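What follows is a single structure, written as structure tokens, with notes after it.
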Amino acid sequence: VSARLLDGRALAGRIRTRVAVEADTFRRQTGRSPALRVFLIGDDPASDVYVRNKLKASAECGIAGETVRLPAETTSAEILGRLATANGDGAVDGILVQLPLPPHVESRAVLDAIDPLRDVDAFHPENVGLLHQGRPRFVPCTPGGILELLDAEGIEIAGRRAVVVGRSEIVGKPMAALLLARNATVTTAHSKTRDLPDVCREADILVAAIGRARFVGAAHLNPGVAVIDVGMNRVVGKLCGDVDEEAADRIAAARTPVPGGVGPLTIAMLMSNTVRAARLRCFGSA
Ligand code: GUN
């Protein structure tokens, strides 16, 4: 058998087309485009690429994107000041602080300072709380994109076993919450999990968000599983996921490629959240 490839790039294109229509409608209703302000602090090369891709997607969707670039030495206080300005700017709908921040910056304080109504990453504790209560205001971009992909590909969630490997605030934790809200039986596994391959082999849906190249192999895969690879590892200049593709092709029913799987969906969902933020603030509902 050869696993069916789940085309995240194609779905991302369809989502962006939908968002472009919504952004245009918003512009005709209000006289301005939805606006996204992205803060990029320091000079992490990967972050630079991600932010450029976010701005490019914004332009293509009719969203007014703007990058605020600050040097690596910028203090937490300076960043908090810039966020206060953005929070008070009626023409800014979405605010995003690209992670990781330089080590001296108090990341938690910075993320907590983003106006929850403009928090298009959904990292603010108020938005995390709403998500975990099953009434999301914004859905975090990567896990939200994964749900869209599972739905678009007709992969059933309710009643099935989902294993999420990784417990980050950005992917693992919100992914588990969203799958639970859709009535999956969810296990969150991580670096301390005993007998990880056995746990993973229980999965009908396996989400790998570990950050180690080709960590998930034949021993982790249940025949027929749908494998979602969130990994973005650079191995001798080549981008590679957390899943061994060759093993997944042999054993899984379906898998996302890297690149062209989850990555494009993350950006498409950011666009979607930005229009949602604009509507929420302007009309009181999305
Ligand atoms: N760095 C890696 N992924 C993300 C993300 O989804 N949002 C932000 N702000 N930074 C990131």
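The values are calculated or read from the model by the stated rules, or taken from the named source; none is laboratory data. Just so it is clear, the model here is predicted, and its values are computed rather than measured. So basically every Cβ, Gly included, is an ideal-geometry build from the backbone, and we count neighbours across all protein chains shown.
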*Looking at (1) over 19 Å from residue 281 (Cα atoms); (2) away from the ligand (no atom under 14 Å from the Cβ); (3) in contact with a helix residue (DSSP H, G or I) (Cβ under 6 Å, 6 or more places away or on another chain), which is the only condition residue 133 fails?*
(3)
*Out of the residues in segment 245-278 that are in contact with a Ser or Thr (Cβ under 7 Å, 6 or more places away or on another chain) and either surrounded by fewer than 22 Cβ atoms within 10 Å (Cβ to Cβ) or polar (S, T, N, Q) (or both), state the one that is farthest from residue 93 (Cα to Cα).*
249
*Just a yes or no: is a residue in segment 234-241 within 24 Å of residue 144 (Cα to Cα), away from the ligand (no atom under 16 Å from the Cβ) and either modelled with pLDDT of 95 or more or touching a strand residue (DSSP E or B) at 6+ places or on another chain (Cβ under 6 Å) (or both)?*
yes
*So residue 124 clears everything in (1) surrounded by fewer than 20 Cβ atoms within 10 Å (Cβ to Cβ); (2) within 15 Å of the ligand (Cβ to nearest atom); (3) of a type outside the set (Phe, Trp, Tyr) except one condition, right? Which one?*
(1)
*Out of curiosity, is residue 224 over 30 Å from residue 34 (Cβ atoms), in a loop (DSSP other than H, G, I, E, B) and modelled with pLDDT of 95 or more?*
yes
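The rows are residues; the columns are (1) crowded, with 24+ Cβ neighbours inside 10 Å; (2) within 16 Å of the ligand (Cβ to nearest atom); (3) assigned to a loop (DSSP other than H, G, I, E, B).
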{"position": "128", "(1), (2), (3)": "no, yes, no"}
{"position": "138", "(1), (2), (3)": "yes, yes, yes"}
{"position": "163", "(1), (2), (3)": "yes, no, no"}
{"position": "175", "(1), (2), (3)": "yes, yes, no"}
{"position": "179", "(1), (2), (3)": "yes, no, no"}
{"position": "197", "(1), (2), (3)": "no, no, no"}
{"position": "214", "(1), (2), (3)": "no, no, yes"}
{"position": "228", "(1), (2), (3)": "yes, yes, no"}
_Residues located in segment 242-260, provided they are touching an Asp or Glu at 6+ places or on another chain (Cβ under 6 Å), within 16 Å of the ligand (Cβ to nearest atom) and either among the hydrophobic types (A, V, I, L, M, F, W, C) or closer than 15 Å to residue 146 by Cα (or both)_ = 258
*Criterion violated by residue 27 - all others in (1) touching a helix residue (DSSP H, G or I) at 6+ places or on another chain (Cβ under 9 Å); (2) closer than 17 Å to residue 286 by Cα satisfied*: (1)
_Matching residues in segment 50-92 - criterion: being away from the ligand (no atom under 13 Å from the Cβ), of a type in the set (S, T, N, Q) and within 19 Å of the chain's Cα centre (by Cα)_ = 58
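Scan 95, 170 and give me the residue that is within 13 Å of the ligand (Cβ to nearest atom), of a type outside the set (S, T, N, Q) and closer than 24 Å to residue 225 by Cβ.
170
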*Can you give me the number of residues within segment 77-115 that are within 17 Å of residue 170 (Cβ to Cβ) and not small (Gly, Ala, Ser)?*
13
_Residue satisfying condition, being part of a helix (DSSP H, G or I) and under 30 Å from residue 228 (Cβ atoms), within set 11, 83, 36, 40_ = 11
*For residue 1, state whether it is out of contact with any His (no Cβ under 7 Å at 6 or more places or on another chain), surrounded by 21 or more Cβ atoms within 10 Å (Cβ to Cβ) and in contact (Cβ under 8 Å) with a residue 60 or more places away in the chain.*
no
*Of the residues 276, 281, which single one is closer than 25 Å to residue 96 by Cα, out of contact with any helix residue (DSSP H, G or I) (no Cβ under 8 Å at 6 or more places or on another chain), in contact (Cβ under 8 Å) with a residue 24 or more places away in the chain and not in a loop (DSSP other than H, G, I, E, B)?*
276
*Cross-chain or 6+ apart pairs with Cβ under 7 Å, segment 43-67 first and under 16 Å from residue 24 (Cβ atoms), then within 14 Å of the ligand (Cβ to nearest atom) and modelled with pLDDT under 95*: none
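Could you tell me which residue of segment 4-49 is nearest to residue 76 (Cα to Cα), considering only residues that are within 16 Å of the ligand (Cβ to nearest atom) and surrounded by fewer than 20 Cβ atoms within 10 Å (Cβ to Cβ)?
Of all residues in segment 4-49, those within 16 Å of the ligand (Cβ to nearest atom) come to 8, 12, 15, 36-49.
Pick out the ones that are also surrounded by fewer than 20 Cβ atoms within 10 Å (Cβ to Cβ) and you get 42-49.
Values: 42: 13, 43: 16, 44: 17, 45: 21, 46: 22, 47: 19, 48: 20, 49: 23 Å.
Here the answer is 42.
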